[in-house]
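A short reminder: the numbers here are calculations on the coordinates, not readings from a lab. Values in this document were obtained by computation on a predicted structure and should not be read as measured data. No Cβ is skipped: glycine too gets one built from the backbone with ideal geometry, and neighbour counts run over all protein chains shown.
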Amino acid sequence: MGKKVEAAGRKAIQIANYVVEITVMTILVLLAAFTGYALWDTKQLHQAALSANYAVYKPTVENEGKSFQELQTINPEVVAWLTVHGTDIDYPVTQGPNNMKYVNTNAEGKYSLTGAIFLHYKNSEDFSDFNSILYGHHMAGDAMFGQIGSFAKKDVFESRRYGNLYYNGKDFGIEFFAFVHCDAYDRTIFTENVEESQRKAYLEGLMAKATHTRDIGVTVTDRIILLSTCSTETTNGRDILIGRITDRLYPDAFKTTKKEIEKTQAQIDNPAGIPSWQWTLITGLAILIMTTLNIIIIHGLIKRRRTAKARIAARK
């Protein structure tokens, strides 16, 4: 009777060990698969956010805005086109019924985690307000508003002074005069279309909180635009590039050559500026490492299992 109980106990232990080993192997395989998927998904997300995806819709003198009008036909909530010279910020601007829609909706009106650049829903779509606020995700690889934070560097702020805003069938210039890092809940900054009596104080507040400023003679009669995105520097932090909308157009000193345009187009397959072969290598290495670890661990489990069986056999 005692031997039967002992045998049953050994059998139960063997089954328990087998279940544990299978569970561990399953988890390891799933981790390897998840690693590969996560890398692939990150690449896809960056691809979807690149400005090159929207280049066909950009209003230009050559196509007389026809491509832009086509985009407006696809999504009537597209109201403008924003370009910041010397950066990859070159996107259509949307305006939804609230400030949540375009957090997860792209400029073509499709669901996307990349969202779109969007104008505060309470601002006038013709940018006639004293201050208009644009929002965009801070994404790696310089996508969307990912480069706004770089204006915290003095040399970047000084060398990239201008932009362009297209709306109502016409181009307008933007002259940037301040970079601000602030809290997301700072209502002294995030107040759309400030009333006339409060504009002087609003401007003074912006300049007082700014990390960098440039004296271009901004007054309460001007129209200013704020480009806001999340900051990686602080919790709930926001980085804001602020400019004045003007009738004067500014030449793009960073205007790309044909070769550079082709390079930009190629970035659709090379998110974050990383060539596709490097992404393939990184993904392959990650999967190889996980697979190797799996093999080593599984081999160890099998060896331990065999050793345990040998010991049990030796006792009989």
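Run through every distinct alpha carbon pair of the stretch 107-232 and return the Kirkwood hydrodynamic radius in angstroms, one decimal place. All intermediate terms of the calculation are to be shown ahead of the outcome.
Numbers: mean 1/r = 0.0641 Å⁻¹.
Evaluated on the stretch 107-232, it is 15.6 Å.
State log₁₀ I(q)/I(0) for the stretch 55-269 at q = 0.08 Å⁻¹ as given by the Debye formula over alpha-carbon point scatterers of equal weight, solvent excluded.
So the normalised log intensities are -0.26.
Are there trypsin sites (Lys or Arg not before Pro) in the stretch 95-186 that DSSP marks as loop and that have at most 14 other Cβ atoms within 10 Å, and which are they?
Values: sites: LYS101, LYS110, LYS122, LYS153, LYS154, ARG160, ARG161, LYS170; in loops: LYS110, LYS122, LYS153, ARG160, ARG161.
Loop-located and lightly packed - LYS110, LYS122, LYS153.
Please identify the chymotrypsin sites (Phe, Trp or Tyr not before Pro) of the stretch 159-244 that satisfy two criteria: DSSP loop assignment and at most 13 other Cβ atoms within 10 Å. Which are they?
Working: sites: TYR162, TYR166, TYR167, PHE172, PHE176, PHE177, PHE179, TYR185, PHE190, TYR202; in loops: TYR185, PHE190.
Here the chymotrypsin sites (Phe, Trp or Tyr not before Pro) that fit, given the DSSP loop and packing criteria, are TYR185.
For a quick check: sort LEU203, LEU165, LEU293, LEU50 by the number of other beta carbons within 10 angstrom, fewest at the front. Walk me through the numbers before you get to the answer.
Working: LEU203 20, LEU165 23, LEU293 13, LEU50 26.
So the residues, fewest neighbours to most, are LEU293, LEU203, LEU165, LEU50.
About the Cα centre of the stretch 175-259, how large is the charge dipole given +1 on each Lys and Arg Cβ and -1 on each Asp and Glu Cβ? Please answer in debye to the nearest 20.
That gives a dipole near 420 debye.
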